[in-house]
Amino acid sequence: MIESDLDALYGELCRTLSEVGEAHAPLLLARFALLAIEQIGDPERVRALLASARHCADG
Amino acid sequence: MVTRAFRNYPFVPERHAAQLPALVRGVDRQRHSVAIVGGGIAGFACALALASYGVRSVVLEADDTVCVGSRAICISRRSMEILARCGALKAFLAKGLPWTGGRSFFRNAEVLHFSMPHDGNQRLPPMMNLQQYYIEKFLLEAAQESGLVEVRWQSVVGAIEEAADGVRVNVDTPLGSYGLSADWLVGCDGARSVVREAAGLKLQGTSYEGKYVIVDLALRSERATERLAWFDPPTNPGSTILMHRQPEDIWRIDYQLRDGEDSEAAVRPENVIPRVESHLRMIGERDDWAPIWISLYKANALTLESYRKRRLLLAGDAAHLVPIFGVRGANSGFEDADNLAWKLALVIAGVAGEELLDSYSAERVYAARENLRQSTKSTEFMSPPSFGFELMRTAVLGLAVEHDFLRPLINPRQTQPVSYLDSSLNGSSVGEFSAGPVPGSVAQECPLTLFASDGVHESHVTDLLGPRFTALYFTQSAGVSRELGHLEQALRASGIPFRLVMLAREHPANGSAGCAWDRTGRLFPMYGAAPGTIYLLRPDGHVLARWQRGTAEGVRNAIAHTLHASGSHSKESAQ
């Protein structure tokens, strides 16, 4: 994945979250996380990513 | 409560008197080739660039001074190159503060340290900070020095009428009103352009809700010149703050208003001063400071669909409004002027058809859309337009401390030259090129040694450009065929400003005046060139065509195609 892909995907994710609205966004992200787990395929990797997401700078 | 007395900018603008030209029955006796409405950056840059081609113009400015207050402060390398070609860069370099990058912080952590493209091949910094009043003053001085620009202050343009062979405008001054006729009218009269209105053209695009307070202040500090950004800083939770150094111990601080904050109250000194104070204390500035100017900013991302309507041309903010993030506002005004001037000059000289001006519109509308695409991304990050952008930005900023791959999303995407890859003016790229700028893009910078009639100088590729077409002819040792040798004379005889510059791989024999040497050995590989290669550059420094083995005929045909190409069609030839 190159920088412009990241750029475009970031924008699409932002717009999608705004479209479904604040109330439905957590569920959308939860579904996305489950789908991503399947794609990642490695349980240890998934645990490490979850820990990173949990312990990032803003807690 | 913190209070601070206001101070003035350390710049006192000269006030200019109104004047009436010699009139015949209420009309300016002189018919003008080019009248420019608006004496701001775009207007003065247009006048100055036209003067470099020997074209006279009259600038009609409503005010009696150059601008005051907090306006543009960042000049890009591309704008500096344009100023250099107009012979006006010296004053800017003497006063401006060069810079190359910046840093962004999320709460207490640094999340980005970025650098703009800069290497040992460059002669100019990627960016320079200079207040707009100085930018306009230096442009005005250079324009006046040319002897080809007449500036009329306190001259408000009212009614504009189009005629078959030109434009007639009504000018109101404190001394009375008069009519003025011009062959061409260039609207550089900003966001509320009367020329745009007269042309019946409408700005289209997006206006953003997020508001920024912009504060210029006086502060003595040792802090470096760089772009600084703080997201959600501890002393101003929820806010985004930007900071830039300007010459003469002036600093700019921008901060975003919180949702629902009353903007009228937000710009009152009693509300601004404590926020600025707490920010300065947080970053360790202990010295006294004084506010100078407070204003409110809302981002617009708008452009016209065309910058030409017959004899009316639009440039700068009259043609497009670009969000401030990424500094594309004033800089795109310079690029408009640079693109328009050579085309208008060649049309006025009768060397090119009027349709060349359609390519001004096509290329600069394309550039505006590219600028808007980039600055919209910056704006969506700096000033999230909705819940999704807000949430995702918080996620990015939190993760970016440890996850480098997210950092490009925080980068302010500073302005870069736009390539006109699909321009109808472009000629072909003939032969295999392993590297080098393709037709439509700007020439790449590289140091070289220039052998001139007055001696040997360390120089750069962009020094070779001037108000003319330039053919860069790569040779082994400064030899040139008879046809190429005669080309300069032949083109000039038909009124086409042109120069052939030989770029020698080997140190050229003594006496090869007007020839440059690839002293570092970097130029040939950078341009994918071999002896015999030609790059033909437009007067604005964009590549028109290139040939691995060039000929005089190829150069002549490419220039002829440019002078008579229609801007409404894409080029047919493949690159």
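The values are calculated or read from the model by the stated rules, or taken from the named source; none is laboratory data. Keep in mind that what you see is a predicted model, and the values were worked out from it rather than measured. Positions of Cβ are generated from backbone atoms using ideal geometry, with glycine treated the same way; all protein chains shown enter the neighbour counts.
Of the residues in the stretch B:529-551, not one is farther than 21 Å from B:Gly427 by Cβ, outside the structural domain of B:Met80 (by TED's automatic domain parsing), modelled with pLDDT of 90 or more and not in a loop (DSSP other than H, G, I, E, B).
With respect to B:Ser375, is the statement that it is under 23 Å from the mean Cα position of the chain (by Cα) and crowded, with 22+ Cβ neighbours inside 10 Å true?
So B:Ser375 passes the test.
Counting residues in the stretch B:426-436 that are crowded, with 23+ Cβ neighbours inside 10 Å, more than 24 Å from B:Ala529 (Cβ to Cβ), more than 14 Å from every other protein chain (Cβ to nearest Cβ) and of a type in the set (S, T, N, Q) gives zero. B:Tyr420 satisfies every condition listed in (1) more than 9 Å from chain A (Cβ to nearest Cβ); (2) in a loop (DSSP other than H, G, I, E, B); (3) without any contact (Cβ under 8 Å) to a residue 60 or more places away in the chain except (3). Within the stretch B:374-394, the set of residues being within 8 Å of chain A (Cβ to nearest Cβ) and among the polar types (S, T, N, Q) comprises B:Ser386, B:Thr394.
B:Pro467 meets each of the listed conditions (1) outside any strand (DSSP E or B); (2) in contact with a Ser or Thr (Cβ under 8 Å, 6 or more places away or on another chain); (3) more than 18 Å from B:Ser79 (Cα to Cα); (4) modelled with pLDDT of 95 or more apart from (3).
Residue check: is B:Ser177 part of a strand (DSSP E or B), surrounded by fewer than 16 Cβ atoms within 10 Å (Cβ to Cβ) and small (Gly, Ala, Ser)? Here the answer is yes, as B:Ser177 does meet what is asked. Of the residues making up the stretch A:8-39, just one is farther than 30 Å from B:Gln374 by Cα and surrounded by 12 or more Cβ atoms within 10 Å (Cβ to Cβ), namely A:Ile37.
Checked against the criteria, B:Glu161 counts as under 30 Å from B:Gln30 (Cβ atoms) and either assigned to a strand (DSSP E or B) or outside the structural domain of B:Ser459 (by TED's automatic domain parsing) (or both).
Within the stretch B:296-325, restricting attention to residues that are more than 15 Å from B:Tyr208 (Cβ to Cβ) and without any contact (Cβ under 8 Å) to a residue 60 or more places away in the chain, the residue that is surrounded by the fewest Cβ atoms within 10 Å (Cβ to Cβ) is B:Arg308. A residue that is more than 14 Å from every other protein chain (Cβ to nearest Cβ), surrounded by fewer than 23 Cβ atoms within 10 Å (Cβ to Cβ) and without any contact (Cβ under 8 Å) to a residue 12 or more places away in the chain cannot be found anywhere in the stretch B:69-88. For the stretch B:430-458, taking the residues that are modelled with pLDDT under 95 and small (Gly, Ala, Ser), the one that is farthest from B:Arg123 (Cα to Cα) is identified as B:Ser453.
Condition check ((1) touching a residue at least 40 places away in the same chain (Cβ under 8 Å); (2) among the aliphatic types (A, V, I, L, M); (3) touching a His at 6+ places or on another chain (Cβ under 7 Å); (4) outside the structural domain of B:Val194 (by TED's automatic domain parsing)) across all residues:
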site: B:Arg4; (1), (2), (3), (4): yes, no, no, yes
site: B:Tyr9; (1), (2), (3), (4): yes, no, no, yes
site: B:Glu14; (1), (2), (3), (4): yes, no, no, yes
site: B:Val27; (1), (2), (3), (4): yes, yes, no, no
site: B:Gln30; (1), (2), (3), (4): no, no, no, no
site: B:Ile41; (1), (2), (3), (4): yes, yes, no, no
site: B:Ala47; (1), (2), (3), (4): yes, yes, no, no
site: B:Gly54; (1), (2), (3), (4): yes, no, no, no
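Restricting attention to the stretch B:325-359, the residues that are out of contact with any helix residue (DSSP H, G or I) (no Cβ under 8 Å at 6 or more places or on another chain), of a type in the set (A, V, I, L, M) and outside any helix (DSSP H, G or I) total 2. What are the residues in the stretch A:14-59 that are outside any helix (DSSP H, G or I), of a type in the set (A, V, I, L, M) and either farther than 26 Å from B:Ser386 by Cα or within 9 Å of chain B (Cβ to nearest Cβ) (or both), if any? Passing the criteria: only A:Ala57. Could we say that B:Glu355 is charged (D, E, K, R), more than 24 Å from B:Gly40 (Cβ to Cβ) and in contact with a Ser or Thr (Cβ under 8 Å, 6 or more places away or on another chain) here? For B:Glu355, the condition - charged (D, E, K, R), more than 24 Å from B:Gly40 (Cβ to Cβ) and in contact with a Ser or Thr (Cβ under 8 Å, 6 or more places away or on another chain) - is met. Residue check: B:Ala290 meets all listed conditions (1) assigned by TED's automatic domain parsing to the domain that holds B:Glu363; (2) of a type in the set (A, V, I, L, M); (3) within 25 Å of B:Lys95 (Cβ to Cβ) but one, namely (1). Inspection of the stretch B:342-362 finds no residue satisfying the criterion of being modelled with pLDDT under 95, touching a Pro at 6+ places or on another chain (Cβ under 9 Å) and not β-branched (Val, Ile, Thr).
For the stretch B:83-112, filtering for residues that are closer than 21 Å to B:Ala443 by Cα and touching a Gly at 6+ places or on another chain (Cβ under 8 Å) leaves 1.
Name the residues in the stretch B:395-410 that are more than 9 Å from chain A (Cβ to nearest Cβ) and touching a strand residue (DSSP E or B) at 6+ places or on another chain (Cβ under 9 Å), would you? Once the filter is applied, which keeps residues that are more than 9 Å from chain A (Cβ to nearest Cβ) and touching a strand residue (DSSP E or B) at 6+ places or on another chain (Cβ under 9 Å), the stretch B:395-410 yields B:Arg407, B:Ile410.
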